[in-house]
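The values are calculated or read from the model by the stated rules, or taken from the named source; none is laboratory data. Predicted model, so just to flag it, every value in this text is computed and none were measured. Neighbour counts are summed over all protein chains in view; Cβ atoms, including those assigned to glycine, are modelled from backbone coordinates with ideal geometry.
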Amino acid sequence: MTVIAFTNQKGGCSKSTTSVHFAYWLSQKGHTVCLVDSDAQRSSSIWIECLDNSGIDISVLQSADEVLDRLPEISDKHDYTVVDGPAGLSEVTRAILFRADVSVIPCQPTGVDLRSAADAVKLVRQAQSVRNGPPAAALFLARAVKGTKLKDEAIALLGKSNIPILKTVIHQKQCVADTFGQRGTVWDLSGRAASESAMEFEQLFQELMEVK
Ligand SMILES: Nc1ncnc2c1ncn2[C@@H]1O[C@H](COP(=O)(O)OP(=O)(O)OP(=O)(O)O)[C@@H](O)[C@H]1O
Ligand SMILES: [Mg+2]
């Protein structure tokens, strides 16, 4: 019933990684989940297909028309529909934002990414204005490098963007980058780094469930 979309036209900010982990986390909690892959590279749907017995349905919707026409019926059949937005294609992103209940913008704390976060925020604000309210929205920092000044600057800068920034920061870790190749999620990996990342995702998703 609830459509939660990870959108940001900037490539590589962790939309697919977070979508797959969120869809898996929700399914492990016993919810019915569909992952909608809106990216031409199809990385998140291929990734979900590789997970053992996840029970997550997959739908590939790659045009704005498909998103607008098919998302409601998919949403009706599942507790949660998680949409992995595309890089670049703002028309598809716009269509997603016209259908989503919640929009989550992952943002990498680098100069270039922070500048394009403003574009991602603008699309969300436009959708909110047209729809007179929804989607609810939040930003979070993804792939942040521990101890760097950029991370603090990003929090200060994004904090001014009219869209709330989630407290949880997902740090850059090799184990997260490894999950696609390992055909799993951080919850399948052993070691301290994987447990730290698992804890970060858990905290992020709990916060996300409160975005209204
Ligand atoms: N927390 C993290 N630590 C390390 N690597 C990460 C992390 N999150 C994502 N990555 C890696 O960063 C790259 C980009 O991530 P991902 O594909 O999820 O981004 P995306 O926003 O979906 O990109 P695109 O816009 O191209 O679809 C991938 O190689 C992924 O493994
Ligand atoms: Mg992607």
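Inspect all residues belonging to the range 8-15 and state whether any of them is assigned to a loop (DSSP other than H, G, I, E, B), in contact (Cβ under 8 Å) with a residue 40 or more places away in the chain and in contact with a His (Cβ under 6 Å, 6 or more places away or on another chain). No, the range 8-15 has no match at all. Name the single residue that is nearest to PHE201 (Cα to Cα) among those in the range 11-26 being buried (at least 23 other Cβ atoms within 10 Å of the Cβ), touching a strand residue (DSSP E or B) at 6+ places or on another chain (Cβ under 6 Å) and of a type in the set (Ser, Thr, Tyr). This residue is THR18. Restricted to the range 89-113, and to residues there that are out of contact with any helix residue (DSSP H, G or I) (no Cβ under 7 Å at 6 or more places or on another chain) and not in a loop (DSSP other than H, G, I, E, B), the residue that is nearest to ligand 1 (Cβ to nearest atom) is ASP113. When the helices (runs of 4 or more DSSP H) confined to the range 117-212 are screened for residues that are at pLDDT 95 or above and among the acidic types (Asp, Glu), those reaching at least 2 such residues are found at 192-208.
Quick check on my filter: what residues within the range 16-47 are more than 16 Å from ligand 2 (Cβ to nearest atom) and hydroxyl-bearing (Ser, Thr, Tyr)?
SER27, THR32
Among residues of the range 70-88 being assigned to a loop (DSSP other than H, G, I, E, B) and away from ligand 2 (no atom under 16 Å from the Cβ), the one that is surrounded by the most Cβ atoms within 10 Å (Cβ to Cβ) is HIS78. When the range 31-69 is filtered for residues that are more than 18 Å from ALA87 (Cα to Cα), of a type in the set (D, E, K, R) and buried (at least 17 other Cβ atoms within 10 Å of the Cβ), only ASP57 remains.
Residue pairs whose Cβ atoms lie under 6 Å apart, separated by 6 or more positions or on different chains, with the first residue in the range 106-125 and within 14 Å of SER90 (Cα to Cα) and the second of a type in the set (A, V, I, L, M, F, W, C) and part of a loop (DSSP other than H, G, I, E, B), are VAL121/ILE163.
In this structure, does LEU141 turn out to be surrounded by 12 or more Cβ atoms within 10 Å (Cβ to Cβ), in contact with a Cys (Cβ under 7 Å, 6 or more places away or on another chain) and over 30 Å from ILE48 (Cα atoms)?
So LEU141 does not fit the description; no.
For PHE180, the criteria (1) crowded, with 19+ Cβ neighbours inside 10 Å; (2) touching a residue at least 60 places away in the same chain (Cβ under 8 Å) hold in every case but one, which is (1). When residues in the range 183-196 are screened for being in contact (Cβ under 8 Å) with a residue 40 or more places away in the chain and more than 11 Å from ligand 1 (Cβ to nearest atom), 4 of them pass. For the range 154-212, a residue qualifies if it is farther than 23 Å from THR81 by Cα, within 17 Å of the chain's Cα centre (by Cα) and among the basic types (Lys, Arg), and exactly one does: LYS167.
Residue check: is PHE6 in contact with a helix residue (DSSP H, G or I) (Cβ under 8 Å, 6 or more places away or on another chain) and near ligand 2 (Cβ under 9 Å from one of its atoms)? In short, yes.
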